[in-house]
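Undergrad: Just passing along the structure, written as C-alpha cells.
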Amino acid sequence: MLSIFKTSARINPNIISMRYSNLFGKTSKSVQADADSANAKLLTQGGFVAKQMAGVYNYLPLGLRVLNKIQNIIREEMNAIGGNEVLMPAMTQKASYAQTGRDKMDVLFHLQGRDESELVLNPTHEEVVTPLAQKYVFSYRDLPVAVYQIQNKFRNEPRAKSGLLRGREFNMKDMYSFHVSKADVDEYYEKVKEAYFKVYERLGIGDITVLTYASGGVFSKYSHEFQTFAEVGEDTIFYCEKCCVAVNKEIIGEQKNACPECGNKKLDERQAIEVGNIFKLGDKFSKPFGFVFKDSDGQDKTVEMGCYGMGPSRLMGALVEVFHDDRGIIWPKSVAPYNVHLVSLGADDNVKQEAEKLYEKLTAKCVEVLWDDRDASAGAKLADADLIGIPLRLVISKKTLAEDSVEVKERDKQKAELYKFSSLFRTILQ
Ligand code: ATP
Ligand code: MG
C-alpha cells in the first residue's frame, strides 16, 4: 500500500501544553545580582533564561518557546519574499576572512584546529555565503536568489550588556540576496523593508519601530536600520513625526540635521533599540571571491549583493523592555510562551479534576496551556502568572466552581471576570 506520513496527526499534546510541576526552570524571587535592565531581570526571574556568563545565555523551555515563535514569524515573512532557508556553519577558516580583508576585525573569536589551522566563529556570514552561492550561480538565469538562516552569531563585543540586547553569542536571522544589477538589488531591498515591517507588526511593535537612515558605507548613501523606541536603547535617533522615519545620531551631521525625506529640521531625539539592519553591498564581497555570472549578452559580470539582518534574541529582550509593568512581563499574543495560564487554587480534589478537564479540552483545541498545578499559595501562583506574562489567565477555585464558572483575566487589564464554562469556550476560541 502506498501511504504518506501525516506529521500533524502525531503531535504530542505535551508539546502544546505543560503542567508547571513538570516544567524545567522555575520562577525565582531573587534578582540576578548584575541585572542591568528590565529584560535581564524579568527573563531571569521568570525562568525564561539563565545567564552563563557576560553576554551568553541559556534558553530554558519557556524562553525557547518565545524565541521559536519570534523566529517562526520572521521565517514566514522571509519565505513570503522568496527567501531560501539554509543553515551555515558556526565556524569557518580564517583564510576566508583574509580574502575580504576582514580577518583583523576586533569582534572575531579565534580558534585553533588540530592541524594548526586557524579558525574563527562567524560574527556574520558574508564570507561563507558568497562562496556558497558561487557554487550554484553561473548565469543570469540563476539570479536573483536570496538565502537566509536563523543561527547563533559570535562577537567579542567590548561591552556585552542589557540582558539579551547585546550578547557575545546571540541569535540572528541573516539573509543575503544576489542580483544581476544594482536596480535589481534596489527592487528586492524595498520588498525586504516591507517584510521587516510585517514582522514588527506581528510582534506588536509596528507602531513604535521606525525606519532609520544610517551610514551606508561605500556602496550606497545610506543603509537602513529598524529602531524600536525604548529608554534602554543604545542608539540615539532623530525622529521626523511627519514622515515616520528617523536618522541615526551617527550620521545626523552629515544629513545637516534634517529629515532625509522632507527636510524638516524639527526632529525629536529618542533612545531606541536597533532590531534590524539592511545594506546594499554592491560588489564588496562578490569581487574578492571573483563571483561572476554569464549575462544574457554572454559577458561575465560581477554579482550585486544585499544583506539583511534581524536579531530574534535581541527582539525577545526588546519586547520585554517595551511590554512589562512592575509585576512582570506582558507578552504580545503572537509570541507568548503559552496562550493561556491556567491556575487551580486550593487542595480541593474537585478543583483539580475540573482544572484537568479544562486543560485537556483546551489542549485538544490546540490552545497552548501552562497549568499551574502546584500546591502553592494563591498569592504565589498569581504573582508568578503576572511575572511570566501569558496574555490570558484562567483561575479555577472552589469559589468559581460554586458558580459553575472560571475567573478570566487578561494580563494587560485590571479587571477579572467570571465566565460560565459554556460561554468560556465560545469567547476564547472565537
Ligand atoms: P549594533 O549596531 O547593535 O552593534 P550591528 O549593526 O553590528 O548591531 P548587524 O551586524 O547588522 O548589527 O546585525 C543584524 C542584527 O542583529 C541587528 O540589527 C541586531 O538586531 C542583531 N544584533 C547585532 N549585534 C547583536 C548583539 N551583540 N546581541 C544581540 N543582537 C545583536
Ligand atoms: Mg548597527
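The values are calculated or read from the model by the stated rules, or taken from the named source; none is laboratory data. Note that the structure is a prediction, hence the values are computed from the model and not measured. Every residue, glycine as well, gets a Cβ built from its backbone with ideal geometry; the counts of neighbours run over all protein chains shown. Side chains are part of the model used for accessible areas, which takes the heavy atoms of the whole protein and leaves out ligands, DNA and RNA. Shrake-Rupley method; radii C 1.70, N 1.55, O 1.52, S 1.80 Å.
Undergrad: So which of 278, 273 ends up being in contact with a strand residue (DSSP E or B) (Cβ under 6 Å, 6 or more places away or on another chain), within 15 Å of ligand 2 (Cβ to nearest atom) and farther than 10 Å from residue 227 by Cα?
TA: The match here is 278.
Undergrad: Kindly check whether there is at least one residue in the range 55-74 that is modelled with pLDDT of 95 or more, touching a Pro at 6+ places or on another chain (Cβ under 9 Å) and over 26 Å from residue 369 (Cα atoms).
TA: Among the residues of the range 55-74, not one is modelled with pLDDT of 95 or more, touching a Pro at 6+ places or on another chain (Cβ under 9 Å) and over 26 Å from residue 369 (Cα atoms), which makes the answer no.
Undergrad: While we're here: Please find, among 62, 111, the residue that is among the hydrophobic types (A, V, I, L, M, F, W, C) and free of Cβ contacts under 8 Å to residues at least 60 places away in the same chain.
TA: Of 62, 111, the one residue that is among the hydrophobic types (A, V, I, L, M, F, W, C) and free of Cβ contacts under 8 Å to residues at least 60 places away in the same chain is 111.
Undergrad: Continuing with the same structure: Which count do you get for residues in the range 51-103 that are farther than 22 Å from residue 276 by Cβ and touching a Phe, Trp or Tyr at 6+ places or on another chain (Cβ under 7 Å)?
TA: Going through the range 51-103 one residue at a time, the tally reaches 7.
Undergrad: Still on this structure: Restricting attention to the range 332-351, report how many residues are within 20 Å of residue 164 (Cβ to Cβ) and open to solvent by 10 Å² or more (accessible area, probe 1.4 Å).
TA: Total meeting the criteria: 2.
Undergrad: Looking at 253, 306 in this structure, which one is of a type outside the set (Val, Ile, Thr) and in contact (Cβ under 8 Å) with a residue 40 or more places away in the chain?
TA: One residue alone meets the criteria, 306.
Undergrad: From the list 241, 321, exactly one residue is away from ligand 2 (no atom under 16 Å from the Cβ), over 30 Å from residue 100 (Cα atoms) and open to solvent by 40 Å² or more (accessible area, probe 1.4 Å). Which is it?
TA: The conditions single out 241.
Undergrad: Let me ask something additional. Select from the range 208-238 the residues that are away from ligand 2 (no atom under 12 Å from the Cβ), aliphatic (A, V, I, L, M) and either out of contact with any Lys or Arg (no Cβ under 9 Å at 6 or more places or on another chain) or farther than 18 Å from residue 185 by Cα (or both) and list them in ascending order.
TA: Passing the criteria: 208, 210, 211, 230, 232.
Undergrad: Checking residue 255 against (1) within 16 Å of ligand 1 (Cβ to nearest atom); (2) among the polar types (S, T, N, Q); (3) assigned to a loop (DSSP other than H, G, I, E, B): exactly one of these is not met. Which one?
TA: (1)
Undergrad: Return the residues of the range 80-113 that are open to solvent by 20 Å² or more (accessible area, probe 1.4 Å) and aliphatic (A, V, I, L, M); say none if nothing qualifies.
TA: Within the range 80-113, 80, 81, 86, 87, 90, 91, 95, 98, 105, 107, 111 qualify.
Undergrad: Could you give me the residue pairs with C-beta distances under 8 Å whose first residue belongs to the range 394-407 and is open to solvent by 10 Å² or more (accessible area, probe 1.4 Å), whose second residue is small (Gly, Ala, Ser) and modelled with pLDDT under 95 wherever it lies, and which are 6+ apart or on separate chains?
TA: Pairs found: 397/346; 398/346.
Undergrad: Further question: Of all residues in the range 114-152, which are open to solvent by 30 Å² or more (accessible area, probe 1.4 Å), within 15 Å of ligand 1 (Cβ to nearest atom) and touching a residue at least 40 places away in the same chain (Cβ under 8 Å)?
TA: 152, the sole residue that qualifies.
Undergrad: Just checking, which of 155, 159 is in contact (Cβ under 8 Å) with a residue 40 or more places away in the chain, among the basic types (Lys, Arg) and within 16 Å of ligand 1 (Cβ to nearest atom)?
TA: Only one candidate passes the filter, namely 155.
Undergrad: Taking residue 207, is it among the charged types (D, E, K, R), touching a Phe, Trp or Tyr at 6+ places or on another chain (Cβ under 6 Å) and open to solvent by 50 Å² or more (accessible area, probe 1.4 Å)?
TA: No: the conditions fail for residue 207.
Undergrad: I need every pair where a residue in the range 220-248 that is in contact (Cβ under 8 Å) with a residue 40 or more places away in the chain has its Cβ under 7 Å from the Cβ of a residue that is in a strand (DSSP E or B) and more than 15 Å from ligand 1 (Cβ to nearest atom), sequence separation at least 6 or different chains.
TA: Every condition considered, the pairs that remain are 229/270.
Undergrad: Could you list all residues from the range 213-238 that are within 11 Å of ligand 1 (Cβ to nearest atom) and either over 24 Å from residue 324 (Cα atoms) or surrounded by fewer than 21 Cβ atoms within 10 Å (Cβ to Cβ) (or both)?
TA: Across the range 213-238, the qualifying residues are 214, 215, 223, 224, 225, 233, 234, 235.
Undergrad: A follow-up question, please. Being of a type in the set (Phe, Trp, Tyr) and not in a loop (DSSP other than H, G, I, E, B) is the filter here; which residues of the range 323-365 pass it?
TA: Within the range 323-365, just 359 meets the criteria.
Undergrad: Right, residue 192: open to solvent by less than 10 Å² (accessible area, probe 1.4 Å) and either away from ligand 1 (no atom under 14 Å from the Cβ) or farther than 30 Å from residue 35 by Cα (or both) or not?
TA: yes
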